[in-house]
């Protein structure tokens, strides 16, 4: 059994930096990003509930907390690699699954194998919780870009800021609309 | 309204280091610690369920994710201050509540005030989830000490390692017993 | 005897950062701040002497060098905690004295106990040297804020800069007046 | 034209760390590693010449200096991903070529396109210079592992040290034999 | 024999920072600077060849790669010390030669002594390759200043930027002219 | 007038690291070292007074606080350069005086020129205070080496530890004897 492996891998996310190849004033680790996404997802979830939608909190937290754990096994493949073409996207995803199966799951007994496969690869699906995760991930990236932009680190973070903002503006989640209308203007001034 | 304040405070946990006044090879931020505690709590929760216990996942994740958020408002008061005497403990807790009320909650409208008071101060109670949080927090501290100990940073981390270990050995949670018996020996060799 | 404890505690001030929870481009350790405050106090002292005032140099240096040593025992309690209300201020000061007595002074023999109690807690009193220390501490904070402000790190350092400046403008020390009139404008351009 | 892109990409190698997901005391950037490999290749080349072999110095330096430049475009894909299976190796290499073509070379005019394709992808071939590069790359990795091993950072660097050593022992280059016999024992004591 | 000494000294260039006493957002190590200068020299060399000039590539790479290795023996003497007066320049150069002879070369056998003396001290002479090195060194300094300038770190990097630019404008190398005309404007916008 | 220059130079000591070219786990800045030397000198001074010797506290603090300020003007010339031969020592000292005169003192008016020349160059003379400074400087270096040695960073810090220890053992100051007999053994166990 190798639950110890899982814990040690999770700890490796402290060592892996976000946006690896670009200079940043405030570089977060993947662990810090995961914490932040979970906090943002929690906030969006509260807003969805205030708006009358039903949130499965166990599912939402689980998705948010674990959405980047597989990076501990593959390293930080730059996101422009992932997002350049559909072919690239599939190649990177295939690598992520193969490596996680090979390095972690293969050594688990049956009791844990299914649970952890679900933890590692249950991500941005069409459920409310999957959609909240997707936009929480975007909002954290927007915040990272905003910090850099406000500190004068414009290239490439100014461009990326507006690029990710457009993704948020395409969301029909009520919580994302509230974020854009009520919270972001405040953040833009004070981040 | 100041939800933006909450987000910016959460982000400050990236800047605050654990065990502030001691030299560490692998210092984690409070954000990284919070992520790690949530991962460990998730692991203990899976084990409790395997053992037939019922886990309220929404509650468990919420407790784990938010248990140190109030440090963003008070700064890093050294834990030996907190734990020296009962009087000290109460003084520090009183400071934490007063500051959080004053800096954050006072500016919230009623809709959010209760939700966030619960998020900030619903911690290590007597529920199964509260007890899992307590020991997950200890297990992360054990892991931090273990890394330092294995890297030769003995003072004060060797002593602290055994001190926290004794707390874990006092637990009657089945998941903590499994951790001590099956996982820790593996971690001791490979961390 | 535990003079060794005192030295090891002093060395811990290298690990404790100033303004812990805010992002800074140029974060100084408490040790670096203490060095800087002693240098600034020396400068103000020279100016006071040039203006005909008598400076007790042994006392001035001693106050400046040791004014934050007690932070090695308590950790970095955020200054807004200390300064929010009179009640908070007293609670934090009480914690500082209790912890220093308990962790350091209690183990000293009588020969050293009085000497070190004086070193740790003889601070910003009404003597000329006590007042120079008070404003040297402010001037170093102004310099820290100025560096951040000039590097574009405006939140919260721009606001803090003017806030601390107002404290300096309230001083009737001739050296502080010279600093504000002759030195600060030069620093503002070139820091 | 985008020679500027090339320069800015080269500078990004300062931001990308080696062995990204493992904790290291002395983490080098990919730029530092490239410098080091070029220095080691130079040393092996001198030894090959002393042994009567002809070295094409222009080719050797060019191979060594540029062998990891393409990582600026793909990010730090962990080497265990690259080396796990032949299939993985091919997938990663395909990604590296596609991304470099797409991000850099496509925008070059014909005059530069061929020159830079050669710079980016002329690596560890069967020429003497290609073989020197291969082992210089290994020797730098051995040195990195040796530093960590000697500093007590055993997991995973002790195991990797012996693993890469075995690769060096499989070399029939006279310079590598001299390195193993005359230089490594000295390094083991003093690194 | 002490080839091991040479390698360990080269590795020390990872620890020595450029522009030591000034605050920098993006401080490079001397190793990173050496890598960068070699890359820039390679680029200028390609342009010289395109313009019909003959480049001795082995010599060019050798000069670029090794031009700051002697700093591993002397430490980072601030460049304003070196460049203040002719007398200072000679004193520093004399120190560099004396120390390298004493710490490294004296222990080499004859076979290596001449080779390494050439590697350490064959620098910015009047050959095409020596002149390319000189301007590649300037261009890397310009890039370092440009990054700081664009990030708002103006003192002293804005002044130094224009100061070094004037040196480049004094060059009659065709490659430097191309750099100033075609590449720098692009870098100024995007660095 | 350029008192501002003096302050900005003092602040540069935060950027300059001790033992620049060697890897250290706990590298202190020159500012932190200066603070530490002043604290150690204070301790030795207390012991000298306890032993009945008269200490000029103003002079002792002034010497300790300012003994390395001139490094802000020259950069970190490695100490082995300074200490290799008498000739080297004189060359480096000449450089330090020339640069400080040229960069700082030349711009002062008469009122400050003499005061600051005294501050910068009144060091390790034969007075009790000058001798305390000399050994306080050694004791801080011993502490730095001890931390590295205890953390397993043996090369070169183990050798240097014993080398500097022998200097301390050559002292006839009563305070240094007390340090060696009563305090160092405690530090060796717990640093």
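A few comments on the model shown:
- Sorting the segments C:15-25, C:102-112 by their mean number of nearby beta carbons within 10 angstrom, highest to lowest, gives C:15-25, C:102-112.
- Residue order, fewest to most surrounding Cβ atoms within 10 angstrom, among D:49, E:86: E:86, D:49
- Inter-centroid distance (Cα atoms) of the stretch A:24-61 relative to the stretch B:117-181, Å: 25
- With Cα atoms, 0 to 90° folded angle of helix C:3-12 axis to chain C main axis: 30
- Across the identical copies, the 7 Å label point of residue E:93, projected outward along Cα→Cβ, sits 2.7, 4.9, 6.3, 6.3, 7.3 nm from its counterparts, in ascending order.
- Computed from Cα positions, the angle between helix F:110-121 and the longest principal axis of chain F comes to roughly 30 degrees.
- Length gained on full extension, residue B:86 to residue B:126, computed as 0.36 nm times the residue gap minus the Cα-Cα distance: 12.5 nm.
- Rounded if a/c under 1.5, otherwise prolate or oblate - chain F, Cα gyration tensor axes: oblate
- For the segment D:53-65, counting C-beta atoms of other chains within 10 Å of every residue's C-beta and taking the mean gives 4.
- Label geometry 7 Å along the beta-carbon vector: residue C:111 inter-copy distances in nm: 4.6, 6.2, 6.2, 6.9, 8.1
- Cα long-axis angle, helix F:128-150 against chain F (0 to 90 degrees, to the nearest 10): 60
- Averaged over A:45-52, number of beta-carbon atoms from partner chains that fall within 10 Å: 2
- Helix-only [θ]222 nm of the protein assembly as shown, DSSP H runs n ≥ 4, -39500 (n - 2.57) each, per residue, nearest 500: -21000 deg cm²/dmol
- Rounded if a/c under 1.5, otherwise prolate or oblate - the stretch C:33-89, Cα gyration tensor axes: prolate
- Position residue E:26: other-copy label points at 2.0, 2.0, 2.7, 3.1, 3.4 nm, ordered by increasing distance, label point 7 Å along Cα→C-beta.
- Residue and whole-Å distance for the chain D Cβ lying nearest the axis of the D-onto-C rotation are D:27, 10.
- Each Cα pair under 8 Å and six or more residues apart adds its separation to the average, and for the stretch C:87-191 the resulting relative contact order is 18 percent.
- Whether the protein assembly as shown is rounded, prolate or oblate, judged on the alpha carbon gyration tensor where a/c under 1.5 counts as rounded: rounded
Only the coordinates and a few stated rules stand behind these numbers; no lab work does. Predicted model, so just to flag it, every value in this text is computed and none were measured. Heads up, the Cβs are rebuilt from the backbone with ideal geometry, glycines too, and the neighbour counts pull from every protein chain shown.
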